[in-house]
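These notes concern the structure reproduced below.
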């Protein structure tokens, strides 16, 4: 993720203060109200810029939607990478066990992210429902984001002792996506925790005799009260650091 992180930092630094306000405002409104329900007039008004400034900086609403989704994706990737690094440091020194800990930490990271960032479900799934045109620049960002998650899980699974890691990664990406959708709908209590248990079961079944998931830490969810994802996601409390 090194080159991608460098590119993301460069894009953030290139934004003028006005463009930064436009993008932050658009991100909030697009996620909370829906992309098609929000026009550029409202975004410009809330961001305290003119429509000319908005178009000068982003070119079109379609490009602004793509920028919103791209930045959301970049924040998620940074968050996930940091949580997996924490899990690796806390894991058993055995390489196979540490690799399994990193796989399961993706669900721990998702649980916290869902509590704080996804009260209406996955922003990419929500956006995809509003952008049926496969050539829309936002739709292209969504497709790339989902491919990235699948490839990332494949990379993690290949480091574990599990058999057929590519097939296992496909199972895990389905668990990730399903947990986010059901979390947004509120139809299953603690869907991410359930998805993690199913992922652990899948890893054990595919691993060597005796299982490889014994003692895997859940360090990424420290500080999240038990049941925080049941009955709706939890926002960060006053004074609690926001996810960056």
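The values are calculated or read from the model by the stated rules, or taken from the named source; none is laboratory data. What you are looking at is a predicted structure, and each value in this text was computed from that prediction instead of being measured. Don't worry about glycine lacking a Cβ; one is built from the backbone with ideal geometry, like all the others, and counts go over all protein chains shown.
List of remarks:
Conditions tested, residue by residue: (1) at pLDDT 95 or above; (2) within 17 Å of residue 95 (Cα to Cα); (3) assigned to a helix (DSSP H, G or I).
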residue	(1), (2), (3)
162	no, yes, no
173	yes, no, yes
188	no, no, no
193	no, no, yes
201	no, no, yes
204	no, yes, yes
212	no, yes, no
223	no, no, no
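- Long-range neighbours under 8 Å by Cβ, at least six apart or interchain, first residue crowded, with 19+ Cβ neighbours inside 10 Å within segment 12-26, second modelled with pLDDT under 90: 23/15
- Scanning segment 48-69 for residues that are within 16 Å of residue 15 (Cβ to Cβ) and surrounded by fewer than 20 Cβ atoms within 10 Å (Cβ to Cβ) yields 48, 53, 55, 56, 57, 59, 63.
- Residue count for segment 73-117, restricted to those that are within 11 Å of the chain's Cα centre (by Cα), crowded, with 19+ Cβ neighbours inside 10 Å and modelled with pLDDT of 90 or more: 12.
- Residue within segment 126-134 that is in a helix (DSSP H, G or I) and surrounded by fewer than 16 Cβ atoms within 10 Å (Cβ to Cβ) present: yes
- Single match in 159, 128 (criterion: on the phi < 0 side of the Ramachandran plot, touching a helix residue (DSSP H, G or I) at 6+ places or on another chain (Cβ under 9 Å) and without any contact (Cβ under 8 Å) to a residue 40 or more places away in the chain): 128
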